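Where a number appears in this text, it was derived from the coordinates with a stated rule and is not lab data. A quick note: this is a predicted structure, and the numbers were derived from the prediction, not measured. Cβ atoms come from the backbone with ideal geometry, glycine included; neighbour counts cover every protein chain shown.
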Amino acid sequence: MNLLLAFLFRDLAVEKSYRFNLFVKLLAIFSQVAIFYFLSRYIEKPEYFAFVLVGLVFSSFFQFWLNVFAENIRQEQFWGTLEALFSAPAEHVYVILSSSFGKFVFNIIGMATYVVLGAVVFGMVFRLNAALFLLILLLNVAAFAGLGLVSAGFITYFKRGDPASWFVALLVDLLSGVYFPVSVFPEKIRRVSEFLPTTAALDIWRNSLLGTGRVGFGDVALQALWGALLMAAGLVSINAAIRGVKKKGDLGNY
Amino acid sequence: MDISINGLNKGFHTAGSRKKVLTDLHLELKNPCIFALMGPNGSGKTTLLKILATLILPDSGEVRFNGKDLVKDGAFIRKIAGFVMDAEHSFYQMLTLEENLKFFGGLRGVSGSDCERRTRELADDFGIGGFLGEKAAHCSSGTMQKAAFVRALLHEPSVLLVDEFEKSLDEDSQSRITRRLKNLKETKGTTALCVTHDRRWAKDHADAAGTIAGGRIEK
């Protein structure tokens, strides 16, 4: 708990140093929500606004976990503070996981901003199934953070940007139904899209936030299995990378 | 805290070849003591310190802190040790010294009023009490070196590992820190391994001294 609070405190102090940054982030969310609200009015499909808003929240959540650990490690390497962090009396992987806590709180605030703007300013109606939403959130944290740890392992060892993570983010935005239903794809692409666990995950998000359908046990079990596999892959990857750089002796190098 | 190093080897790949830095290195430090480690640039002093700090893995050999294995019990070693390394660049430049020390104290399980009290006491003792509200980016190298000592001592470690003890410190600051090290050795039984280039300091204040040459320590 001390570790989590220490990182939360640090990130709040850093944000305080860059106050304008928070304002710009909130403005960007407002602009994005407004654009899709007026687009939905222009195409005369008011239900599209709710559809895309949940997609945007999902995409923000996915990209956050995909990138947060790699960004943190890259930033600490650049600042020269990585070795000081790894001097903490905890397993290194726990330090890396904890280092995302402050930013996770900001990400949750960002996600809530989408929802509050949608509901309060643009009159969107949510039919929240809180238990289901919290469950899928938890399972997806395991899956997406697992992917993020694989990416962080890459950065830790090679000191260069992970060439795959931006492509994964692009694929998810394009193929998982963030901006439009996957039913509009030609059949072959639709099959690929339906095979992606993120497509099923986003369906559950929409169901739990908008009450658009039923979610079966199999759907949730698949997300749990996917989460367990990716988290295991992430932990193996980051531990191997840390051991590798400690062998090479260039843990803190940029 | 006793430190026992047996047959330690470490090399690095550089430009297609492997350069051996530490070769069958042995060292026994009995609790409590101040050990001064000397040697020319590139002789492996920092590498040894980073191995002891669990930031670099040895190729072979054994290091034990009171019987605990360095590789297997890394988290334990980090809990009982304090490190003073790369002071200028290992703080968050956009945060004040106080914010930095609060964060690093929190990482080591020292938080709240305990952390504030110890920070204030150590900072005043080392003569940087008046700089706690300054951003790290605006502090001098000497102030940062003293802040690194404060950070390393916040959790009252049983072992202190110091790279370039005298770096950026004036005589008065060296005396204050030396006095604190001696006090910790006598009252808490702290073992300190200090890398230094100052032979006079080593002679006057260390209980034992050694020089790294050819990858080994010669006493």
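A few points about this structure:
- Inter-probe distance in nm under a simple model that places probes 7 Å from Cα toward Cβ, at B:A15 and B:K79: 4.5 nm
- Cα-based radius of gyration of the range A:128-254 once divided by 2.2 N^0.38 Å, which approximates compact folds: 1.24
- Entry note, the range B:3-218: relative contact order of 32 percent, from Cα contacts under 8 Å with a spacing of 6+ residues.
- Spin-label model, B:D59/A:N239: points 7 Å from Cα along the beta carbon direction are separated by 2.6 nm.
- Between A:F20, A:F195, A:F86, the Gaussian network model of chain A with springs among Cα atoms under 10 angstrom shows the greatest mean-square fluctuation at A:F20.
- Mean projected area of the convex hull spanned by the Cα atoms of chain B, taken over all viewing directions: 12.0 nm².
- Cα gyration tensor, the range B:95-219 - rounded (a/c under 1.5), prolate or oblate: prolate
- Inter-chain neighbour count for A:239-250: the average number of beta-carbon atoms from partner chains within 10 Å of each residue's beta-carbon is 3.
- Each 10 Å bin from 0 upward holds the following percent of the Cα-Cα pairs of the range B:69-116: 23, 44, 28, 5.
- Projecting the Cα atoms of B:L101, B:V21, B:F131 onto the dipole axis of the range B:3-218, where Lys and Arg carry +1 and Asp and Glu carry -1 at the beta carbon, places B:V21 farthest toward the positive end.
- R0 of 25 Å, Cβ-Cβ distance B:R199-B:S168: FRET efficiency to nearest 0.05: 0.85
- GNM top mover of B:I56, B:I34, B:I177 - chain B, alpha-carbon springs below 10 Å: B:I56
- Of A:K247/B:K45; A:K159/A:K246; B:K30/B:K188; A:K248/B:K185; A:K247/B:K72, pairs whose Cα-Cα distance is over 24 Å: A:K248/B:K185
- For the range B:72-133 and the range A:129-158, distance of Cα centres in Å: 31 Å
- For chain A, the Stokes-Einstein estimate of translational diffusion at 10 °C and a viscosity of 1.306 mPa s comes to 82 µm²/s, using the Kirkwood hydrodynamic radius over alpha-carbon pairs.
- CD proxy at 222 nm, helix term only [per DSSP H run n ≥ 4: -39500 (n - 2.57); per residue of chain A; nearest 500]: -26000 deg cm²/dmol
- Calculated FRET efficiency for the pair B:K219/B:N41, C-beta based, R₀ 25 Å, to 0.05: 0.75
- When the Cα convex hull of the protein assembly as shown is projected onto planes of every orientation, the mean area is 25.6 nm².
- Cα gyration tensor shape of the range B:97-141, rounded if a/c is under 1.5, else prolate or oblate by comparing a/b with b/c: oblate
- Remark: spin-label model distance B:K68-A:L196 equals 4.6 nm, labels positioned 7 Å along the Cα→Cβ axis.
- The range B:3-218, dipole about Cα centre (Lys/Arg Cβ +1, Asp/Glu Cβ -1), debye to the nearest 20: 500 debye
- Only Cα sites of the range A:22-152 enter the Debye sum here, all with the same form factor; the resulting log10 I(q)/I(0) across q = 0.10, 0.14, 0.18, 0.20 1/Å is -0.41, -0.73, -1.03, -1.16, listed in q order.
- The range A:29-69: equivalent-ellipsoid semi-axes (sqrt of 5 x gyration tensor eigenvalues, Cα, Å): 25, 10, 5
- Global form of the range A:77-138, assessed from the alpha-carbon gyration tensor, a/c cut-off 1.5: oblate
- Ranking A:A233, A:T212, A:L137 by how far each Cα lies toward the positive end of the dipole of the range A:2-248 (charges on Cβ) leaves A:A233 at the top.
- Under a Gaussian network description of chain B, with springs only between Cα atoms under 10 Å, the residue in B:G106, B:G130, B:G44 that fluctuates furthest is B:G130.
- Linear extension gain, A:L5 paired with A:F23, 0.36 nm per residue minus alpha-carbon span: 4.1 nm
- Lys, Arg +1 and Asp, Glu -1 on Cβ, resulting dipole of chain A about Cα centre, debye, nearest 20: 200 debye
- Taking other C-beta atoms within 10 Å as the exposure proxy, B:L29, A:L134, A:L26, A:L8 rank A:L134, A:L26, A:L8, B:L29 from fewest upward.
- Rounded to the nearest 20 debye, the dipole magnitude of the protein assembly as shown is 500 debye, with +1 charges on Lys and Arg beta carbons, -1 on Asp and Glu beta carbons, and the Cα centre as origin.
- Taking every C-alpha pair closer than 8 Å and separated by at least 6 residues, the mean separation divided by the residue count of chain A gives a relative contact order of 29 percent.
- With the helix formula -39500 (n - 2.57) applied to DSSP H stretches of n ≥ 4, chain B reaches a computed 222 nm mean residue ellipticity of -11000 deg cm²/dmol.
- Mean-position separation - Cα centroids, the range B:33-63 and the range A:63-79, in angstrom: 29 Å
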